[in-house]
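K.L.:
My questions all concern the structure below.
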Amino acid sequence: MRRRPARAELLVLLAILVLAAVTRLPGLETRGPFDADQGQEMLVLAGFLGRGEIPLLGPPTFAGTFHHGAVYYYLLAPAVAVFGPDPIAVTGWIALFGIGAVAATWWLARMIGGPVAAAAAGLLAAVSPSGIDASTFIWNPNLIPFASALAFAGALRAWQTRSPRWWLLAATGAMVAMQCHVVGVVVVPPLAAVFVADVRRRRRIGETLRPLLRAGIGALLIIVAGYVPLMIHDLGHDFSETRAILAYLAGGGGSATAGIVDRVVTVGLRSVTWPLAGLITDRPAVSMVIAGVVAALMAIAAIAGRRADRAAARWLIGTVVWSVVALAVFAPSLAVVTLGLPNDHYHAFLDPLVIALVGVGIARLADGLRVGRAGETRAAGETRAAGMAPGAADEATGGTTRPAPAAYLPRAVAIGVTGLLVAVCVTAWPPAVSPDGGWQAAQGAAAHIESSSAGTPYALVGIPDFKSVDSVRFPLSLLGADPPGPEALDGADPPTRVTIVCDPLFADVVGAACGGPAETAWLRGRGLDLPLLGVAEEGSRRIVSSYGTP
């Protein structure tokens, strides 16, 4: 086990966290998208803190028939409690989780590869395009990297220190990951495997199992506690969520458009390239190069360094492999990239693991790829010759000894690889302003809708039908407006105006373009023939049209 970080290490970590803050916090009102998901989640948070409507379910899942965990809302509640229902405050709170993920990734890499690995992993996490993107808008998967890094760091710390209390941290991280996205359950088997190994190790050397078993029970209770809101909901709703989940699993987890081998390859490539190169379809050639670099660095982490570090690296690599296969089976939609929508949130829990392994590989590369027992024996001999206690040099340098002049070449190569990865990360950063204009544009759309209505009652409609209009309904609620939905048009006293919010991304699904054809077709399908009063494009994903009597 490595000693506590020295002052120089902490200064490096501080610099990394400052970099993470600078790349995440400015301009949050426009950087991230504000669409249906963000509006829906802000409406829930506003009801939670404003009207005491405690959510028992989280956001809807990709399947649309069941939900993620409600703990996600509880984690965001402090921002609303302090600042009110302000999307910028909530996004800033999420950005703090993103900065925390950088620190947790630094810690995870340090436990496996020492200070150099921690510095490399922390730097890459700070400039990671996926990490920056996930820190700039409101969405349940965006808390997962922080939770996942804590889960695996806690498990590794429990193993290295033989202190069972770290399993409580591991369980807390796993619970949050599982609550923020249903596929977070994939992290449980690798963590459970280490816990079982810990039990077997203690039994083999004759240590008492009681403290570890108590920690295991506590860890299980933490995970179960996360599902208490779901249990309360299901007890009052004929187990609707449980039945929907079972139906989804019985149906094979969604329709697959490719074979299992193709899905494993695609998911694997997306998982290892996303944290460093962004969406694989944006730059296929660059992504393939990065996939090769990441694979090579993972292999180096698995074969070089101290025996315990190699074992830890292999455990994380095994976790990545297991997760890729599990996601290929249970999230087949990952085999297809949908342009214009968030795509890689399913494997967000792998981001800190991939970056930590890359950091360890860079550290081992800088160390000259010392492999196996021979390297360990030589290091111990050099330490004794220098008059140091065995292991002292390893503690000071993260598992390495002072290099000979020939070692500067590996260091130069390691610096070059790090520079390449940083450059790839920076060139894959998300745009400074979201294509849909972010929260600022959503506010503008709501103001336009209210001003154009001129006090006349109107129905608020979304196209396509399966997409909600919560992106404007939430800012409308802040203006004191609560227009009815399309059901009001079938009532005894229907409003004389209809405001339609159309998303151009789904023009092929709708079968007509927004800004006239799609809206007219929708109205005629309802038997309505209303004159057009005005059209306004409020961002790339939002065209607002008003119909009715002047």
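K.L.:
Roughly how many whole Å is it from the C-alpha centroid of the stretch 437-502 to that of the stretch 515-549?
P.N.:
With the stretch 437-502 and the stretch 515-549 each reduced to a Cα centre, they are spaced 12 Å.
K.L.:
Among Asn142, Thr456, Met111, whose Cα lies farthest out toward the positive end of the dipole of the chain, if unit charges sit on the beta carbon of Lys, Arg (+1) and Asp, Glu (-1)?
P.N.:
Met111
K.L.:
When volume of the Cα convex hull per residue in Å³ is calculated directly from the model, which label among (1) 177; (2) 165; (3) 197 fits?
P.N.:
The value matching this structure is (2).
K.L.:
So what's the angle, to the nearest 10 degrees on a 0 to 90 scale, between helix 284-303 and the longest Cα principal axis of the chain?
P.N.:
30
K.L.:
Now a separate question. Full-extension gain between Ala536 and Arg162, please, as 0.36 nm times their residue separation minus the C-alpha to C-alpha distance.
P.N.:
128.4 nm
K.L.:
Lys/Arg Cβ at +1, Asp/Glu Cβ at -1, dipole of the chain taken about the Cα centre: which of Met298, Pro59, Phe34 is farthest positive-ward?
P.N.:
Result: Met298.
K.L.:
Can I ask one more? Non-local amide H neighbours of Thr61 (under 5 Å, H modeled in plane, Pro and chain starts lacking H): which ones?
P.N.:
Residues meeting the criterion, in which the H sits 1.01 Å from N, are Phe66, His67, His68.
K.L.:
Helix 188-205: angle to the longest alpha-carbon principal axis of the chain, degrees 0 to 90, nearest 10?
P.N.:
Helix 188-205 sits roughly 30 degrees off the main axis of the chain.
K.L.:
Please work out, to two decimal places, the log10 of the ratio I(q)/I(0) at q = 0.10, 0.14 Å⁻¹ from a Debye calculation in which every Cα of the stretch 438-548 carries one identical scatterer.
P.N.:
Evaluating at q = 0.10, 0.14 Å⁻¹ gives log10 I(q)/I(0) of -0.24, -0.49.
K.L.:
Which semi-axis lengths, in whole Å and largest first, follow from the square roots of five times the eigenvalues of the Cα gyration tensor of the stretch 59-197?
P.N.:
26, 19, 13
K.L.:
If you take the beta carbon distance between Glu53 and Val185 as r and set R0 to 30 Å, what does 1/(1 + (r/R0)^6) give as a FRET efficiency, to the nearest 0.05?
P.N.:
0.65
K.L.:
Per DSSP H run of n ≥ 4, the term is -39500 (n - 2.57); total these for the chain, divide by its residue number, and report the mean residue ellipticity at 222 nm rounded to 500 deg cm²/dmol.
P.N.:
-20500 deg cm²/dmol
K.L.:
Which residues' amide hydrogens lie under 5 Å from the amide hydrogen of Ala459, considering only partners 5 or more residues apart or on another chain, with H built in the peptide plane?
P.N.:
Distant-sequence amide H within range of Ala459: Arg497, Val498, Thr499.
K.L.:
If pairing requires two Cys Cβ atoms under 4.7 Å apart, which cysteines of the chain are left without a partner?
P.N.:
Singleton cysteines: Cys180, Cys425.
K.L.:
Measure nothing but the geometry: give the 0 to 90° angle between the long axis through the Cα atoms of 307-330 and the longest principal axis through the Cα atoms of the chain, rounded to 10°.
P.N.:
Value to nearest ten degrees: 30.
K.L.:
Given charges of +1 on the Cβ of Lys and Arg and -1 on the Cβ of Asp and Glu, with all other atoms neutral, how large is the dipole of the stretch 438-548 about its Cα centre, in debye to the nearest 20?
P.N.:
120
K.L.:
Where the only charges are on Cβ atoms (+1 Lys, Arg; -1 Asp, Glu), what is the dipole of the chain about its Cα centre, to the nearest 20 debye?
P.N.:
Using only the charged Cβ atoms, the result is roughly 3640 debye.
Since every read-out is calculated from the coordinates, none of them should be taken as a lab result. Remember, predicted model here, so these are calculated numbers, not experimental data. Neighbour counts run over all protein chains shown; Cβ positions are idealised from the backbone, glycine included.
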